[in-house]
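Values in this text are rule-based calculations from the coordinates and carry no lab data. Only a predicted model underlies this, so the values are computations on that prediction, with no experimental measurement involved. All Cβ positions, glycine included, derive from the backbone under ideal geometry; neighbour counts span all protein chains shown.
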Amino acid sequence: MKVLVFDFWGDYGHFRKFFTTSSPLTFSFPPPSTIAGILGAIFGASKDEYLKIFSRNKCGIALKIVKPIKKVRMGLNFINTKGNYWTPVLKITPKSTHEPRTQIRTEFLKDPYFRIYFIHEDEKILFRLAKLVEEHKSIYTISLGLSELLADFKFIGVYNTEKILNGAAVEIYTPIVASNLTPNRFEIEPEKKYFKEKIPIIMNPERIIEKYDDVIFESQGKTIKAQLNTYYKLENGENIAFF
C-alpha cells in the first residue's frame, strides 16, 4: 500500500471546537474532516464532493505535529449586520439600538506546522493528489480553518507502508485515537507532555458528525510509545495511526 506524505503550515490556524460559542476555542490540530477539506481543495473537489471522495471508508488520514503547539488569543471585530445594516454605523442616535460592531475574543494556533499521511483505495486519486502536491499546485486555495488564514504546503514523498495488527508497543509518530489503544494503553515517559481532546472523527456528506472520539497526543511533536490494535509502518521507519 502506498502512502502520500506532505507538510502544511501557516502563521495562524483556527479549528473551532464544537462546544464553544461566544469565545471560540481551537482544537490543537485539524480534525479529519478538516484535513479532508484541505485534500479536496488541492485535488479540486467541490464542497459537495470532497466528503465523498475522502470518506473514512475509502481512505486513511493521519497527522503528525511537527512544531510544538502554541495558542494565542486575539479580539476579532465583527460588523453587526442585523436589521439590514451592511456597513458599520458611525454614530448611534438616541432612537437606535444598533451597535456598529462587536469584538469576539478568539483562540488561534500560532505557527502551526503539521505533516499529513494519506492512503486511498483508489491509487489514481492518490497519485493525482501526489502529483499536484509535488508540483506545488492546488485547484483551490487552502487555509488553516478560516479563509483568511492561508496555508502553504510541500511534498515529502510517497512511501510503501505495512499494516500491523496487535503488534508490540512501538513509538507512534501521530496522535492516537483512544479506541485504538490496547488494554496496556501507553507508556508515560519523562520530558513529554501528553494531552487528550475529544474531536469529530467521522462526518458524512450531509455534514453531520457521526462519531466523536478522544485523541491522545504529545504537544511538542514527540512520539508516543503505545501498543495499538492497528497501526502502519512506513518504509522510512515511521509508525503512524490513522484517525
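Name the most mobile residue of L132, L51, L109, meaning the one with the largest mean-square fluctuation, in a Gaussian network model of the chain with Cα contacts below 10 Å. So, out of L132, L51, L109, the one fluctuating most is L132.
As an exercise, identify the trypsin sites (Lys or Arg not before Pro) in segment 152-243 lying in DSSP coil whose Cβ has no more than 14 other Cβ atoms within 10 Å. Sparse-neighbourhood loop trypsin sites (Lys or Arg not before Pro): K192, K193, R207.
Loop-located chymotrypsin sites (Phe, Trp or Tyr not before Pro) across segment 108-183 with a Cβ neighbour count of 13 or fewer within 10 Å are lacking, with loop assigned by DSSP. Within segment 44-73, whose backbone N sits under 11 Å from a point 7 Å along Cα→Cβ of I156? Flagged as within label range: 62-67. Using θ = phi - 60° in the Karplus curve 6.51 cos²θ - 1.76 cosθ + 1.60, the 3J(HN,Hα) couplings for segment 124-137 round to 5, 5, 4, 6, 5, 5, 4, 5, 5, 5, 4, 8, 6, 10 Hz; x is entered for Gly and Pro.
Pairs with C-alpha atoms separated by more than 18 Å, drawn from the list K70/K222; K64/K131; K70/K233; K198/K233; K2/K67, are K64/K131; K70/K233; K198/K233; K2/K67. When you restrict to C-alpha pairs under 8 Å that are six or more residues apart and normalise by the size of the chain, the relative contact order lands at 29 percent.
Which of the GluC sites (Glu not before Pro) found in segment 137-243 are in a DSSP loop and have at most 12 neighbouring Cβ atoms, other than their own, within 10 Å? Answer by residue number: E148, E187, E191, E206, E235.
Lys and Arg at +1, Asp and Glu at -1: add these up for the other residues within a Cβ distance under 9 Å of F6 and post the number.
Net charge in that neighbourhood comes out at 0.
The convex hull defined by the C-alpha atoms of the chain has an orientation-averaged projected area of 15.3 nm². Report, in whole Å, the centroid distance computed from the Cα atoms of segment 12-52 and segment 145-190. So the two Cα centres are separated by 18 Å. Residues within the reach of a label modelled at E123 (point 7 angstrom out along Cα to beta-carbon, backbone nitrogen below 13 Å), restricted to segment 2-45, are 2-4.
Just checking the listed ones, S219, S33, S23: in the Gaussian network model of the chain with Cα springs under 10 Å, the one fluctuating most is S23. Under a Gaussian network description of the chain, with springs only between Cα atoms under 10 Å, the residue in H14, H136, H120 that fluctuates furthest is H136.
Within 11 Å, Cβ to Cβ, of F127, how many net charges do the neighbouring residues add up to if Lys/Arg are +1 and Asp/Glu are -1?
After counting each charged neighbour, the total is +1.
Within segment 34-50, which residues have the backbone N less than 17 Å from the label spot 7 Å out from N204 along Cα→beta-carbon, could you tell me? Counting backbone N atoms under 17 Å from the label point, the list is 48-50. At a Förster radius of 22 Å, what calculated FRET efficiency corresponds to the Cβ-Cβ distance of V66 and E197, to the nearest 0.05? Working from the Cβ atoms, E equals 0.80.
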